[in-house]
Amino acid sequence: MKKNKIRFDIITIFPDIFDSYLRESLLKRAQKKGIVAVNIHDLRDYTVGRHRQTDDKPFGGGPG
């Protein structure tokens, strides 16, 4: 019987936060067994400008 792999895609501006959880926990064992796949995507890789800013201007007509 073929198992279906559970895939998690995490989009974040702090990708390093997840390293310890993925290397030292049950998730590590599940990844080794092919049960779980975890992909971390750094949102800043898709930004423009030298500061790689991810914030946008306020919406709704007020100062925020």
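Values in this text are rule-based calculations from the coordinates and carry no lab data. Not measured: the values here are computed from a predicted model. A quick note on method: Cβ atoms are made from the backbone with ideal geometry, for glycine too, and the neighbour counts reach across all protein chains shown.
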Restricting attention to the stretch 3-26, and to residues there that are farther than 26 Å from T47 by Cα and of a type in the set (D, E, K, R), which single residue is surrounded by the most Cβ atoms within 10 Å (Cβ to Cβ)? K5
In the stretch 20-35, how many residues are out of contact with any strand residue (DSSP E or B) (no Cβ under 7 Å at 6 or more places or on another chain) and assigned to a helix (DSSP H, G or I)? 7
Restricting to the stretch 29-64, what's the tally of residues that are exposed (fewer than 10 other Cβ atoms within 10 Å of the Cβ) and either polar (S, T, N, Q) or in contact with a Lys or Arg (Cβ under 7 Å, 6 or more places away or on another chain) (or both)? 2
